[in-house]
Every structure is written in structure tokens, then in C-alpha cells.
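Working notes, structure below.
Every number here is computed from the coordinates shown, using simple stated rules; none is lab data. Keep in mind that what you see is a predicted model, and the values were worked out from it rather than measured. Reconstructed Cβ throughout: ideal geometry from the backbone, glycine too, with neighbour counts over all protein chains shown.
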Amino acid sequence: MQHYLDFERPVAELESKIKELRRLSESDGVNIVEEVGRLETKLDRLLVQTYTKLTPWQKTQVARHPERPHTSRYIAQLIEDFVPLAGDRLYGEDHALIAGLGAFDGRSVVVMGHEKGSDTESRVRHNFGMARPEGYRKAARLMRLAGRFGLPVISLVDTSGAYPGVGAEERGQAEAIARSIETCLQIQVPFVSVVIGEGGSGGAIAIAVADRVLMLEHAVYSVISPEGCASILWRGGDQAEAAAAAMKLTASDLVGLEVVDEVVKEPLGGAHRDPAATVAEVGRALARALSGLEERKPGELLRARRDKFMGMGRLG
Amino acid sequence: MSWLSDLALPKIRDLVRKTQTEETLWTKCHGCEQMIFHRDLEAAMNVCPHCGFHMRIAPDVRLRALFGDGGFTVIELPRVKADPLRFRDRKRYPDRIREARVRTGRRDAIVVAHGEIGSRPVVCAILDFDFMGGSMGTAVGEAIVAAARLARLQEGALVIFSASGGARMQEGILSLMQMARTTAAIAELKEAGLPYISVMTNPTTGGVTASFAMLGDVSIAEPGAIIGFAGARVIEETIREKLPDGFQRAEYLLEHGMLDMVAPRSELRRRIASLLRHLMPVRSREGALLPVPANDAEEAAPA
């Protein structure tokens with residue numbers, strides 16, 4: 001059963017009409033090729049119309065779409081000989097942030113990302129992609145491992161935020177995020193991040209202080225969720241749509257603010273309509289970004305990475 | 001000043017003084033609710049003499065307490081873009097900024113000064129919670145970068161007093177980026193071999209905690225300070241349970257290994273001076289290490 005977002009209702013109606021016609025033609029032998037063709041053209045046009053002018057709030061919904069490809073999908077399609085690595089060596093293993101070694105485009109890398117899960121069982125196991133301190137400490141540990149062996153780091157960002165829980169606070173959620181950011185700013189290897197879905201606040205930036213930050217066309221990246229922002233500044237969560245617009249959280253906004261380096265196009269109708277093509281496109285962008293960085297000297301990379309983030313928000 | 005200010009100002013002040021009521025002379029403690037006479041409160045640096053509750057304290061009072069009267073210089077902070085997102089919620093962001101400036105007399109939520117503690121150069125940054133909840137936007141980020149850079153230039157220590165609700169939402173993603181920016185500045189200070197002491201005061205939460213506040217070589221907190229990443233209300237709504245007693249208080253964090261010490265306000269200067277004596281050995285002209293003084297004789301008169 002495909003999941004449709006509210007604003008996709010006209011698309012849903014058209015698709016069910018096409019499906020119905022196809023079923024009829026199979027059972028009755030009626031030739032309706034022409035009619036189906038006409039409807040499919042109409043569907044494409046409708047998708048173009050809808051998806052070329054998504055509002056920031058609609059993009060937020062697309063970014064959270066349950067069928068959107070998640071980190072595990074990217075690893076399965078892009079990484080060969082993947083060896084998952086677990087644990088922070090201090091307290092536990094966090095399934096909300098998965099990581100390991102693998103080969104990407106002919107080279108060994110450390111790859112990591114938030115994993116939201118794709119059905120009830122896996123969502124619970126991955127804590128809906130909301131990492132605890134152990135997740136960030138594991139990320140930092142594996143960044144250091146990458147640095148030690150000269151392996152590039154790829155991080156995939158897809159979280160509504162770090163987990164707000166009692167245990168997470170007791171074990172130093174803030175310290176773990178701060179330390180992960182610090183580690184991002186210490187490793188002397190090429191480092192590329194891709195915001196593939198939701199880039200939620202501190203939980204996102206903890207693994208995204210990279211040489212190149214890429215972002216999918218309909219992904220969002222922000223300091224707080226639109227709902228959270230609305231409830232604080234507008235005193236009502238129902239103002240999320242207005243908050244989303246004010247926050248400048250879309251990929252094109254963030255390129256304008258020089259926070260994101262490159263936008264990766266999504267297939268017509270969003271990543272959830274064609275996960276394989278989306279992942280392949282991200283793979284091509286990642287390969288380009290990494291080979292560009294590999295030409296540079298390690299010390300130079302780190303200097304440039306620090307300068308880039310030190311300059312964010314500077315006047316002129 | 002002109003003749004006008006000499007003549008007119010005292011009279012206006014008298015007028016104001018006459019209208020002062022009992023209320024402004026007495027402050028109710030936020031902890032034990034007892035009334036405290038304003039002179040007693042000032043003398044105790046806004047710590048309740050009855051229950052020890054640490055109330056908010058103005059950054060300039062803190063600076064005087066740390067460096068002594070006239071023992072420091074406040075630096076002018078670099079300017080930043082006024083309203084990078086052209087943000088508007090129920091109010092325009094520039095209007096909120098203007099109100100905060102009028103209320104605090106400050107350009108943004110931070111003060112940076114430099115001085116000496118125990119003849120060691122020290123740069124001190126203080127977040128002002130009264131300015132939009134001490135929230136970190138580009139101005140605060142820029143100030144932390146400037147403070148760390150000044151400390152490196154002076155080969156001095158960096159001491160940051162945090163008090164913040166977190167990132168400044170009106171600057172959106174640029175506020176989030178200040179976490180990386182301030183962390184980079186702290187990393188470079190540390191690589192230069194200089195100490196960074198983080199003092200967390202009530203409250204220190206969100207993106208400030210999850211960046212420079214938690215990266216101190218030594219972490220200190222004032223008693224009772226709320227310190228955390230997520231807000232208590234958000235956590236309660238997520239887990240749908242009551243939070244444990246003392247949750248996110250300084251003493252709770254100390255028990256969980258997140259702090260080196262909880263120190264009352266009156267002791268902060270002495271503690272910081274001791275730490276710097278150990279972490280920043282003073283060398284004689286010949287380069288030999290000088291002995292660490294046994295007690296704080298050189299620190300005899302805290303302001």
C-alpha cells in the first residue's frame with residue numbers, strides 16, 4: 001500500500017484511476033492503451049506541477065515520507081563488502097546511528113548514518129532515527145578510526161533530532177554531540193555528508209561538519225523542527241507551516257546561505273517514488289565530491305574545513 | 001558631559017529615588033521565597049543568604065568579581081549581519097533585537113573582556129541570559145571565535161560563563177552552524193596549549209551545551225544550575241513519565257560524571273585561579289618553571 005501525503009491526493013486519485021483501467025483491460029480485453037497513455041501524461045504533468053513548487057512545509061513532509069530511502073538502503077546499494085561496526089566502547093550500541101567499513105566506488109571508506117527504520121518493528125529497534133549519546137560516541141570513534149587509516153568518511157543525515165530522554169541526558173547527550181562535532185573538525189581525511197531526509201538540529205550537525213555537505217532536493221535541515229519553532233515563537237504547533245517558511249530549511253535556501261555545497265536532484269515526484277534512482281544519483285554526487293577532495297593534501301583539507309565553518313555567519 | 005547633565009540628571013535621579021517602593025529594596029528569593037534586602041543580595045553576588053540559591057547576575061558584576069574593579073577591559077565585538085533570514089514570527093526579528101538592546105544596553109547576548117588572574121592573561125566571555133535567553137546566533141558565535149582568538153594572541157586562558165536557552169531560532173540554520181564554528185575556535189585554542197575553563201550557570205541548555213560549554217578542559221557549574229541538551233518539558237512529553245528529582249541540575253550532572261565540580265559563586269575566582277596556576281605554569285626569564293604557590297596569597301583580595 002503506497003503512502004500518499006495530503007497534498008498528493010490528486011496524484012493518488014489519478015494513479016488509482018490508471019490502475020483500475022489497467023485491471024479492466026486485462027479482464028475484459030478492452031483496448032484502452034490510448035486512454036491510459038493520456039492519463040499517464042496527465043499524471044506526469046501533475047507531478048511536475050506539484051513537485052516543482054513544493055512549499056517548505058510540504059518539503060518537510062516529503063523529507064519525512066515513510067517510503068523515502070533511508071541509510072540502510074544507501075549502504076545496500078552503494079557500499080560493497082560492508083562490515084557493520086558496533087558500539088561506543090563506553091556504554092552501549094545505538095541502532096539509531098548505523099556505521100561501518102565498506103568499499104565505495106573502488107575505495108574503502110567509513111560510512112555512517114541515522115537509520116529511521118521502515119516498518120514498526122525496525123522503527124522501534126532504530127528508535128526512529130533518534131540517536132542517544134552512544135550513537136554520537138560511536139560516530140566519533142569511527143571518525144578517529146578513519147583518520148588513523150586514512151579512509152574517507154561518508155555520513156548520511158536523516159534524523160528528527162537527538163533523542164530527548166532521561167538516560168540520554170544522564171549519559172551526556174550534549175557532551176556526546178559536542179565531542180562528535182569536535183572530532184569532525186580534527187580528522188585529516190576527506191569527509192562528505194549528505195542530508196538525505198531530515199536534518200534535525202544538533203543530532204544532525206553532530207555528524208555533518210564535513211568538507212562537502214550535499215543535500216537532496218526535497219530534504220530539510222534546520223535548527224529545530226517547524227513544529228517546535230512554532231510552539232515556541234508562535235505559541236502554537238499549528239503554525240508549523242508558517243514556521244517552516246520562515247526558517248529557510250530547504251536545500252535551495254541553504255545553498256543560498258552557503259551552508260550546503262550542492263543540491264542532488266530527486267526523481268520526479270520525490271525520492272520515495274524511485275528509491276533506486278535517488279540512491280544512484282546520490283552515489284554519483286558522492287563519487288564526484290570524494291575524488292575532488294582526494295586530490296588535496298590532508299592538512300589542507302582540515303584547514304579548509306575549519307575555515308569554512310569558522311566563516312559561517314561572518315559579515316561579508 | 002555638559003552643564004545640562006550636571007544639573008538636570010541628579011534631579012531626575014532624585015525623583016526616581018523618591019518613587020522607589022519597598023518592593024525594589026527587597027527581592028524575593030526564587031528558591032526559598034524569603035525576602036532579601038538589596039544590599040545583602042548585592043554583597044552576596046545575588047546568592048540568597050538564607051538558602052544559597054544562585055540568582056541571575058549581570059555580566060559586568062561577574063567581571064568585577066573575577067578580575068577585580070577596573071582589572072579588565074571589555075572588547076568591542078565584531079559586527080554581524082543584522083537579520084540574515086529576514087525572519088518574522090509574531091514579531092520581526094529586528095524588533096526583538098532592538099527591544100533586547102534597549103533592555104540590556106548590550107548589542108547581543110554576550111560580553112567579552114580580558115584581564116589577569118594571578119598574573120596570567122585571561123580572556124573571559126559571559127553569556128547574558130537577559131538578552132533573548134542568552135541564545136546563540138551569529139553574534140554570539142562571532143564573539144566566541146573572537147574571544148578564543150584573543151586568548152591565543154595573548155597566550156592566555158579562556159573562561160566562558162554560559163547561560164543560554166540554546167540556539168537562536170530567528171537565525172535558523174546559521175545558529176546551528178555556530179555550534180561547529182565555536183567548536184572549531186575552541187579546538188584551535190586547545191591545540192595552542194592554552195586552557196579553556198567552562199563555567200555553566202543557570203540555565204545552560206541546547207546548542208550551547210552541545211558545543212563549547214561541554215568542551216572545557218575543566219567544567220565547573222554553579223549550584224542548582226539547570227544543564228542539559230533537551231528541555232525538561234520535551235523529555236516529559238516524549239517519555240510520558242515524571243522526571244527524577246534534581247534532573248538536569250548541576251549536582252545531578254556531577255554525580256553522572258559530566259562535571260569536574262560544582263562551585264558556589266563566591267568560590268569561583270579562587271577555583272579558577274588555582275586551576276590556572278596548575279595549567280599555566282609561569283616561567284622565569286631563564287625559562288625555568290617557577291614553583292606553584294602553596295596557597296592563594298596572590299589572590300588575597302577577591303572583589
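Beta bridges per DSSP, both residues in the stretch A:174-262: antiparallel share near 10 percent.
Neighbour counts of other C-beta atoms within 10 Å: give me A:ARG144, A:ARG306, B:ARG107 arranged from fewest to most.
Working: A:ARG144 14, A:ARG306 20, B:ARG107 17.
Lowest count first: A:ARG144, B:ARG107, A:ARG306.
Summing Lys and Arg as +1 and Asp and Glu as -1 over all other residues whose Cβ lies under 9 Å from the Cβ of B:PHE247 gives a net charge of -2. Counting Lys +1, Arg +1, Asp -1, Glu -1, what net charge surrounds A:PRO56 among other residues with beta carbon under 10 Å of its beta carbon? Overall, the nearby charge balance is 0. Each of B:ARG106 and A:LEU257 was given a label point 7 Å from its Cα along the Cα-to-Cβ line. The distance between the two points is 2.3 nm.
Please tell me which of these pairs span more than 18 angstrom C-alpha to C-alpha: B:LYS81/B:LYS190; A:LYS138/B:LYS242; A:LYS53/A:LYS265; A:LYS19/A:LYS265; A:LYS19/A:LYS53; A:LYS19/A:LYS42? Can you show the working numbers first?
Details: B:LYS81/B:LYS190 29 Å; A:LYS138/B:LYS242 29 Å; A:LYS53/A:LYS265 14 Å; A:LYS19/A:LYS265 28 Å; A:LYS19/A:LYS53 26 Å; A:LYS19/A:LYS42 14 Å.
Those over the limit are B:LYS81/B:LYS190; A:LYS138/B:LYS242; A:LYS19/A:LYS265; A:LYS19/A:LYS53.
Of all DSSP bridge pairs formed entirely within chain B, close to 50 percent run antiparallel.
How large, in Å, is chain B by the Kirkwood hydrodynamic radius built from its alpha-carbon pairs?
Mean inverse Cα-Cα distance, inverted, gives 20.9 Å.
Partners of A:LYS297 within straight-line reach, counting lysines whose Cα lies under 22 Å from its Cα and excluding those fewer than 8 residues away in the same chain: A:LYS308.
Looking at the protein assembly as shown alone, DSSP beta bridges between its own residues are antiparallel in about 45 percent of cases.
Around A:MET215, what is the net charge, scoring Lys/Arg as +1 and Asp/Glu as -1 over all other residues with Cβ under 12 Å from its Cβ? Numbers along the way, then the final one.
Numbers: positive: A:LYS59, A:ARG212, A:LYS265; negative: A:ASP158, A:GLU198, A:GLU217, A:ASP253, A:ASP261, A:GLU262, A:GLU266.
Residues close to A:MET215 contribute a combined charge of -4.
By other beta-carbon atoms within 10 Å, ranking A:LYS297, B:LYS91 with the fewest at the front produces A:LYS297, B:LYS91. Overall, the stretch A:6-53 carries a charge dipole of about 160 debye about its Cα centre when +1 sits on the Cβ of Lys and Arg and -1 on the Cβ of Asp and Glu, all other atoms neutral. For the stretch B:61-173, the calculated P(r), taken from all Cα-Cα distances in 5 Å bins from zero up to the bin holding the longest distance, is 2, 12, 21, 23, 17, 11, 7, 4, 1, 0 percent. The sum of -39500 (n - 2.57) across all DSSP H runs of n ≥ 4, divided by the residue count of chain A, sets its helix-only mean residue ellipticity at 222 nm to -14500 deg cm²/dmol.
Take every Cα-Cα pair in the protein assembly as shown and report what % of them are more than 44 Å apart. Cα-Cα pairs in the protein assembly as shown separated by more than 44 Å: 26 percent. The ranking of B:ILE235, A:ILE196, A:ILE205 from fewest to most other beta carbons within 10 Å of each one's beta carbon is B:ILE235, A:ILE196, A:ILE205.
Just from its helices, what would the mean residue ellipticity at 222 nm be for chain B, if runs of 4 or more DSSP H residues each count -39500 (n - 2.57) and the sum is divided by every residue, rounded to the nearest 500 deg cm²/dmol? Please report the intermediate quantities before stating the final value.
Details: 11 runs with 114 residues, N = 303.
After summing the helix terms and dividing by residue count, I get -11000 deg cm²/dmol.
Running a GNM on chain B with Cα contacts under 10 Å, which residue among B:ALA58, B:ALA157, B:ALA213 ends up with the highest mean-square fluctuation? Among B:ALA58, B:ALA157, B:ALA213, the largest mean-square fluctuation in the Gaussian network model of chain B belongs to B:ALA58.
The stretch A:165-258: which trypsin sites (Lys or Arg not before Pro) are DSSP loop and have at most 14 other beta-carbon atoms within 10 angstrom?
Numbers: sites: A:ARG171, A:ARG179, A:ARG212, A:ARG235, A:LYS248; in loops: A:ARG171, A:ARG235, A:LYS248.
Loop-located and lightly packed - A:ARG235.
About its Cα centre, the dipole of the protein assembly as shown is roughly 1340 debye, where the only charges are +1 on Lys and Arg Cβ and -1 on Asp and Glu Cβ.
Would you mind estimating how fast chain A diffuses translationally, via Stokes-Einstein at 4 °C and 1.567 mPa s with the Kirkwood radius over Cα pairs, in µm²/s?
On the way: Rh = 20.6 Å.
So the translational diffusion coefficient is about 63 µm²/s.
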